[in-house]
Amino acid sequence: MTTLSKTGRRPGEPARTLPGTAGRTWVERVMGIPVSLVVRGPDVRSPATEAIAAEFFGHLRRVDAIFSTYRTDSQLSRWARGELALADADPSVREVLVLCELARQSTGGYFDARSLPHPLGPGTRFDPSGLLKGWAVQRAARHLADLDRHGWCVNAGGDVLVHAPAGDAPWRVGLEDPAHPGRLLRLVDARTGAVATSSTAHRGAHVVDPHTARPATGTRAVTVIGPSLLWADVYATAAAARGRGALAWLATIDGYEALRVDSDGTIDATAGWPAD
């Protein structure tokens, strides 16, 4: 998991100023996870900033309505049951299907949405969730482009996307120790881009190796940093599935760096991982 700070605020509580900063926080539960948006800079309580935050969360709610794997009336569920033709679905459904296939090919099959365990019972199903969160947040963050004088940070269930304008301090992103949840393993300074983590700390060995159809157990946690949250999330999931060969594979991907905690607690990182 990745985190920025502990505000003590629960989803649904009104936004409030962060201690020591000209900032404001919004938190909503959407896509089955808590999503927080922190904005720092001038006029954070203006109606314009409030409207941008509302557009950001509204985008995520629309994505959830289309792609939820838990809602029987979502377009994804109806398509999976053969009740909705792809040509009649929202264009984003085709886009996500194409991205899932591209992710499968680019990870050597270690990210494969085609036949994952069904969370509601026996059997398997097509489940793009490992890609969808990063894709949805990245698209929703387009609404934040109008906050040109502001820094902002999105934390979606532990995966983080940040922006700090020139002259502003970077965001400090904490990586949780998978052996001691609640403690920090590392801190990463980030001005722009994504930090995504796949970890066993809270959900156990939940990542499935598509080549064996069994839970992957060789990695406690892997964090990937890079320009795109979509791909950082995909690469982190694929690396967890791949196990001990993951770091050498991640080192071949331009623009991304990674830190991995082995099942025995050994910590290693790619050559470009930022120094502590």
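Couple of notes before you dig in:
- For the range 159-183, the set of residues classified as modelled with pLDDT of 90 or more and under 28 Å from THR237 (Cα atoms) consists of ASP159, VAL160, LEU161, VAL162, HIS163, ALA164, PRO170, TRP171, ARG172, VAL173, GLY174, LEU175, listed by residue number.
- Selection count where residues are surrounded by 16 or more Cβ atoms within 10 Å (Cβ to Cβ), touching a residue at least 60 places away in the same chain (Cβ under 8 Å) and in a strand (DSSP E or B), scope the range 246-276: 2
- Taking (1) in contact (Cβ under 8 Å) with a residue 24 or more places away in the chain; (2) among the basic types (Lys, Arg); (3) farther than 21 Å from VAL35 by Cβ in turn, ARG183 satisfies each apart from (1).
- SER106 falls short on exactly one of the conditions (1) open to solvent by less than 40 Å² (accessible area, probe 1.4 Å); (2) more than 30 Å from ARG40 (Cα to Cα), and that condition is (1).
- Hits in the range 171-182 - residues which are touching a Gly at 6+ places or on another chain (Cβ under 9 Å) and within 23 Å of ALA22 (Cα to Cα): TRP171
- Scanning the range 166-176 for residues that are free of Cβ contacts under 8 Å to residues at least 12 places away in the same chain and either open to solvent by less than 50 Å² (accessible area, probe 1.4 Å) or not aliphatic (A, V, I, L, M) (or both) gives a single hit, GLY167.
- Test: residue in the range 121-128 that is modelled with pLDDT of 90 or more and under 23 Å from LEU60 (Cα atoms): yes
So that you can scan it fast, the table gives a plain yes or no per residue for (1) modelled with pLDDT under 95; (2) assigned to a loop (DSSP other than H, G, I, E, B); (3) over 15 Å from GLU257 (Cα atoms); (4) open to solvent by 20 Å² or more (accessible area, probe 1.4 Å):
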| site | (1), (2), (3), (4) |
| --- | --- |
| VAL195 | no, no, no, no |
| HIS202 | yes, yes, yes, yes |
| ALA221 | yes, no, no, no |
| ILE225 | no, no, no, yes |
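- Whichever residue in the range 1-23 is open to solvent by less than 50 Å² (accessible area, probe 1.4 Å) and over 22 Å from ASP189 (Cβ atoms) and, among such residues, is modelled with the lowest pLDDT: ARG9
- Here ARG94 fulfils each of the conditions (1) in a helix (DSSP H, G or I); (2) touching a residue at least 12 places away in the same chain (Cβ under 8 Å); (3) more than 20 Å from the chain's Cα centre (by Cα) apart from (2).
- The range 135-174: number of residues that are of a type in the set (Asp, Glu) and under 9 Å from the mean Cα position of the chain (by Cα): 1
- Count of the range 64-77 residues which are open to solvent by less than 40 Å² (accessible area, probe 1.4 Å), in contact (Cβ under 8 Å) with a residue 40 or more places away in the chain and either touching an Asp or Glu at 6+ places or on another chain (Cβ under 6 Å) or not in a helix (DSSP H, G or I) (or both): 1
- When the residues of the range 36-63 are filtered to those that are within 22 Å of LEU76 (Cα to Cα) and open to solvent by less than 40 Å² (accessible area, probe 1.4 Å), the one that is nearest to the chain's Cα centre (by Cα) is LEU60.
- Residue match in the range 78-88 (condition: open to solvent by less than 70 Å² (accessible area, probe 1.4 Å), closer than 30 Å to ILE267 by Cα and out of contact with any Ser or Thr (no Cβ under 8 Å at 6 or more places or on another chain)): no
The values are calculated or read from the model by the stated rules, or taken from the named source; none is laboratory data. Everything numeric in this text was worked out from a predicted model, so none of it was measured. Neighbour counts are summed over all protein chains in view; Cβ atoms, including those assigned to glycine, are modelled from backbone coordinates with ideal geometry. Remember, those area values only see protein heavy atoms, side chains included, never the ligands or the DNA or RNA. Shrake-Rupley method; radii C 1.70, N 1.55, O 1.52, S 1.80 Å.
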